Every structure is written in structure tokens, then in C-alpha cells.
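What follows is a short report on a single structure.
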Amino acid sequence: MKRAAVFLIAGTVCAQIFAPGFAQIGHPPVNADAVVIQDFEKRVAAYLQLRKSIESKLLRLKSTPSQEKIAQHGNELRSAVREARKNAGPGDIFTPEIAAEIRRLTATAVQQGDGDHIGQSLRHAEPVQLHLEINDSYPVDRVPLQSTPPSLLENLPALPSEIEYRITGRDLVLLDAKANLIIDVIRGLFS
Amino acid sequence: MSAEPIFMRAVRFFITASGSRRAILFLGILAAVVVSADDLPLKKDSVRFAVIGDMGTGDKAQYEVARQMERSRETAMFDFVTMLGDNIYGGNSAADMKKKFEDPYRALLDAGVRFYASLGNHDDPNERFYKPFNMSERRYYSFRKGNVEFFALDSNYMDPHQMDWLNKALHDSSAAWKICFFHHPLYSDGRFHGPDTDLRARLEPIFQSSGVRVVLSGHDHVYERIKPHGGIYYFVLGNSGELRAHNLRPSSDTVRGFDTDRDFMLMEIAGDQLYFQTISRTGGTVDSGVIERQ
């Protein structure tokens, strides 16, 4: 009886963890979450390849005492990426499927034991109210960067270095930190 | 009766009795004795450095703290400065870098003092390419001085890449002293921000398991020395340029606090001892002490 109860609990937990992630019965057992995340990673990688290819045509930015050179490199890189992505729209990278997955993962992170820490971290940072569009740059000279809680980052799909999740008011943006460029947005992720 | 009225009466008597020039000399000698009583030991071959946080305003107060650092360096001869973030507030054009960094610290830079920056929430992440900040083009990095290894972190974005790097770098380090510095404090009684408990939950276990002894942060524009947690000494120093006066609400965690003026810190590591001295914009010693290596 006791063993049966253990199996029942284990089965329920497994069902809650895996059920949303698998395709419907009758289809091959593919984890749907994994497919969505893989697709997202491909889109991010494609963006990064584009940016790197643009960057390779510019003079390489190296450590320099000249702030003008740093600013000039940033401006050139931003302009070229904007031009290459002038038709980019919401959902190109944050597809509806990955946006839904990120909403779910964020809710999970907040509901877990880390939730209090994440909430406090967000409140104690310098909350910003910004409405940014794709191809905008983050106005760091006017508005401080909101730090992204590490527990949240741990729950979200991994990103390559220099591509970051940033919180701007109620939105989550995907920021190319090197080019300082918003590459996609999920609206209203945070209440 | 407190010592201050007696001292002031003595000064008044001295001025009356001996004229103002002698009085000034007397006060100068007295001030030198008082200050030197708290000075670091300045031992041979020790590692000496200064610490500043939230300084990049370009305002008069930042320049005055910088002057005080120059004066301290005449005796302490520190080689480098760690920066706890918010290095440059507002615009970050070449003119801004000059006004908010190069000009205030000109004498120190000219003397060969190196500055090592960490990024605050007001900093452009591409400050990592600005050579005088010695970040080697990285948001987070480490460097070694003698038997001390310093770990500069980007607390704005503590992603798994950085966590993995930090965990490995700290555990691989053979340095006798490991010091971490970054912007957002894990402990703080500053009312405006307070501690980042999410960051604390992630970082503190790594710090404790790898033998970090001292953690330096800014963000709250006050000075506070926190009671050690798990053998780690936490300092908040976010008032080397900015100041949020009377913003500290001391708790049972507070060992020493200062929120009425700007300051910076001097640190000296000699063998198994780390000496620290916090010095105000006007040259007074706000706090001092010794930390033993574990």
C-alpha cells in the first residue's frame, strides 16, 4: 500500500513535469519545450552570426584610451545592424512559442523558493520605466540598467555572451550588449 | 565631561596666549598626530590599494575626495585603485570621461596608479574597452597582486557564464587572499537600495566555499562595514562622489556606518593581516581595523 502511494506521487510529479513538454500521444516522444528552445537558440545564433559578420567589416575594437573610438565603433556597428535588420519585427526571435515558454519559465522561477529573492532584487535595483522598440539602443546615459536577477537568468534559456535578457519596466528585451541594440521584446512579462 | 569641549577650550586658550600663527602650527601638529595614529602599518612589500565607489559625477565633491586620495598616497604609496561601479554617471562622451575620471584622478594617473573598474548600473558596458579602467575588454575578470587575487564582477548581469567562470576562478586560485568587488551589495542597511538577496543567495555559497575573505560593493551612497557573515567581511562604499545623506539605517549587522560625507578606503595586506582605513573627504578617519586571514 505504502509502495503504491509512493509510485502514485512519483507518477503525478513526473506527469506534471513532463506532460506539457511532450507531444500528443501517437506522435514520437519529442519534448516540445526542447524543440521551442532549440528554435530560439537557432534564431539567436543567426542574429549573432549576422552581427559578427557586420562587425568583421569594421575596424576591430580593442582596448583604447580614446572614448571617441569606442563611441564611434558602437555607432557604426549599431547603424549597420539596424540597416541589415530594418525589417525586423516583434516575434522574429521571441516567437509566440518561445515567448509563451519564457512566460512559463519566469512564472516558475517566481513561484519557486527564489521568488522572494527575485522580487526583492527587482525592487532594490533601480527599476526603470522604459518602452523600447526593436532597433532602439538602450539609453544608458539617461536611464540606469536594471539588473537581471541571477535566479531568473538561471531559469531562462541560455544565451551566448553579449546577448542579454534585460528588464525594462514590464517588458523583457533581448539586448545585444556590444552593439547596444534591442533585438526583440516580450511585452508585459512583469506585472 | 566630553573630550571635545576640553580640546576646544585648550585651543582657544592657546590662540589667546600665543597668537594665531602658533595656534595653526599647534593644530597642524595635533592633526598629524591624530591622523597618523590611525595610519596603516605601511609594511615592506605589502600590497596597498585604495577603493572608491559611485564616484563618477564630475562634481566638486568627487574632486575633493580625489585630492584626499593624493594626500594619502604621499604616505601610503598605494599602487592601484579598485572601482566599485557607477564609474561614469550620465553621458559617457570623451568630454565626460575627462571630467568624471581623467581630470579628478589626473595626479594619481600621472603617478602610475592603475585603476581597475567594475561595472555599475549607471555604466555603459562598453566601458570595458576603455583602457584606463584596465578591464581587459571583459565585463568580469581577475588580477593578482602579490599574494592577493582580486575578482571584479558584473553584478548587473550575473548569468550562468559568469557564475561558472567565477566558481572555477575562485576555486582554482592559489592566492592567500581572495577579494571580490562589484557594484550591488549582498548586505547593506542603506534605505534607498538595501541588499540584493537574490545575488547573495547565488554568490555567498561560492564565496564561502572558496575562501573569499573580503567583499567590496557600492550602489548605496553611504559607507557601511557589515558584521562578518560566514567569515566574510562585507563593506559598502558607494559615496566617493555621490552621497545619500542620512540614508543609513543601522541594524544589528552594522559595525560602522558613515552617511554624512563622501569617503574612500585604503587597504594594506601584509602577510596574514589586512589593514583598512576609511578616510572622509575632509581627511578624517571614519573607520579602521585589521582583518586576519583565515
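A few points about this structure:
- Inter-site label distance for B:F192 and A:Q49 at 7 Å from Cα along Cβ, in nm: 4.6
- Contact order relative to length of the stretch A:31-186, as percent, for alpha carbon pairs under 8 angstrom and 6 or more apart: 25
- Chain B: angle of helix B:160-172 to the longest principal axis, Cα-based, in degrees nearest 10: 70
- Nearest-0.05 FRET efficiency for A:A100 and B:V255, computed from C-beta distance (R0 60 Å): 0.80
- Placing a pseudo-label 7 Å from each Cα along the Cα-to-Cβ vector at A:K57 and A:R187 gives an inter-label distance of 3.3 nm.
- Per-residue Cβ neighbour counts within 10 Å put B:K44, A:K178, A:K42 in the sequence B:K44, A:K42, A:K178, beginning with the fewest.
- Distance in nm between pseudo-label sites at B:S174 and B:M77 (7 Å out along the Cβ direction from Cα): 2.8
- Residue separation of B:H246 and B:D45 scaled by 0.36 nm, minus their Cα-Cα distance, works out to 68.5 nm of gained length.
- Degrees between helix B:3-18 axis and first principal axis of chain B (Cα, 0 to 90, nearest 10): 50
- Backbone phi angles across the stretch A:63-71, fed through the Karplus curve with coefficients 6.51, -1.76 and 1.60 (θ = phi - 60°), yield HN-Hα couplings of 3, 8, x, 9, 5, 4, 5, 5, 5 Hz in residue order; Gly and Pro are listed as x.
- Pairs of Lys in the stretch A:31-186 closer than 21 Å at Cα, counting only those 8 or more apart or on different chains: 13
- Segment B:D103-B:K60, extension gain: residue separation times 0.36 nm, minus the distance between their alpha carbons: 14.3 nm
- Karplus (6.51, -1.76, 1.60) ³J(HN,Hα), θ = phi - 60°, over the stretch B:247-264, in Hz, Gly and Pro reported as x: 9, 8, 10, x, 10, 5, 7, 7, 8, 8, x, 8, 9, 10, 7, 7, 7, 8
- Degrees between helix B:60-76 axis and first principal axis of chain B (Cα, 0 to 90, nearest 10): 80
- The count of lysine pairs in the stretch B:41-292 that are at least 8 places apart or cross chains, and whose C-alpha atoms lie under 28 Å apart, stands at 23.
- Taking the fewest neighbouring Cβ atoms within 10 Å as the starting point, the ordered list for B:E74, A:E55 is B:E74, A:E55.
- Helix-only mean residue ellipticity at 222 nm for chain B, each DSSP H run of n ≥ 4 adding -39500 (n - 2.57), per residue, nearest 500: -9500 deg cm²/dmol
- Shape category assigned to the stretch A:31-186 from the gyration tensor of Cα positions, a/c cut at 1.5: oblate
Read the figures in this text as sums done on the coordinates, not as results from a lab. Predicted model only: the values in this text are computed from it and were never measured. Cβ coordinates were reconstructed from backbone atoms using ideal geometry, including for glycine residues, and neighbour counts include every protein chain displayed.
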